[in-house]
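Step one of this worksheet: look at the structure below.
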């Protein structure tokens, strides 16, 4: 009899466990669903819907008074008309119906590529390598390089502009001693100083972050590799170019691609230093700033159509260029594991 009771009790145990496991699985599923609900909703609304709506706007025109559709405040299909007009604005002269402001915006945006790849990235790599070798006063220079990345960009911009102020700016005073007193940020006429100032600001503000990323990659290089190079008599520059650079190439290639993609978002620096108007003939305008200005200064639905077409036209022209740069970085470099 006791053996029969033991068998019954043993047989009842799995059902209790199965119920507990089922309850635990249900709670786990509910937890996973709740955790995924927000990112999925964010993707559906802010990526899928926004981008889908933008694609649709490129082929439409806004009919405010219903002259075309018969329904006020509605849209109607125009095919490739918006693309054709935007293409003319980009590449045609003002005499042939082009928009000089948009043409300057396109040209100014493209300058972000050589600024990041040819100027900023090599400077960041050399600086990081010097810090990596722990030369004299490297810690002092490390703090000076990192400081712009720590300080708020608004404060950094105010500090930079005050340096060139005609009343108390130290840089302005230094140039005034030799008789050179330009209006550095004059936007009423074609300026020869505004873009050099923007470029210097971009280098000054962006150098620290690149140095941090490259320094992190260098710190992971095995000490045995560097010691082997020393035993073979490898010098400073040979180690810099032939040993360290190939070993951290994945990080460098990522920064190259990111620097290329910055063409799409080159906005905050000219906006903070020269405002959103773009100055004389849009001399400080970029594509991102142009789209921002359209939507901000003219919040109508017709402006949204223009902004969507301009942005997509810009993406169509430059996205293949980004993929080519990515392919080249993978072609001339290898992933290194250590």
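Observations on the structure shown:
- Inter-label distance, residue 322 to residue 33: 3.6 nm, where each label sits 7 Å from its Cα along the C-beta direction.
- Maximal additional length on extending the residue 45-residue 331 stretch stands at 99.3 nm, based on 0.36 nm per residue less the C-alpha distance.
- Between 167, 88, 326, the Gaussian network model of the chain with springs among Cα atoms under 10 angstrom shows the greatest mean-square fluctuation at 167.
- Sites residue 173 and residue 258 - FRET efficiency at Förster radius 35 Å, r taken between beta-carbons, to 0.05: 0.40
- Contour excess over end-to-end distance, with Cα ends at residue 195 and residue 292 and 0.36 nm allotted per residue: 33.0 nm
- The distance between label points at residue 92 and residue 126 comes to 4.6 nm (points 7 Å beyond Cα on the Cα→Cβ vector).
- Correct option for Rg/Rh (Cα atoms, Kirkwood Rh) [calculated from the coordinates] among (i) 0.93; (ii) 1.54; (iii) 1.15: (iii)
- Pairwise centroid distance, computed over Cα atoms, of the stretch 17-69 with the stretch 74-138, Å: 32 Å
- Relative contact order of the chain, pairs being alpha-carbon contacts under 8 Å that are 6 or more residues apart, as %: 23 percent
- Estimated 222 nm signal from helices in the chain, with DSSP H stretches of n ≥ 4 weighted -39500 (n - 2.57), rounded to 500: -20500 deg cm²/dmol
- Taking the chain as a Gaussian network of alpha-carbon nodes connected by springs under 10 Å, the highest mean-square fluctuation of the residues 102, 55, 317 belongs to 317.
None of the figures in this text is laboratory data; all of them are computed from the coordinates on show. These figures come from a predicted structure and were not determined experimentally. All Cβ positions, glycine included, derive from the backbone under ideal geometry; neighbour counts span all protein chains shown.
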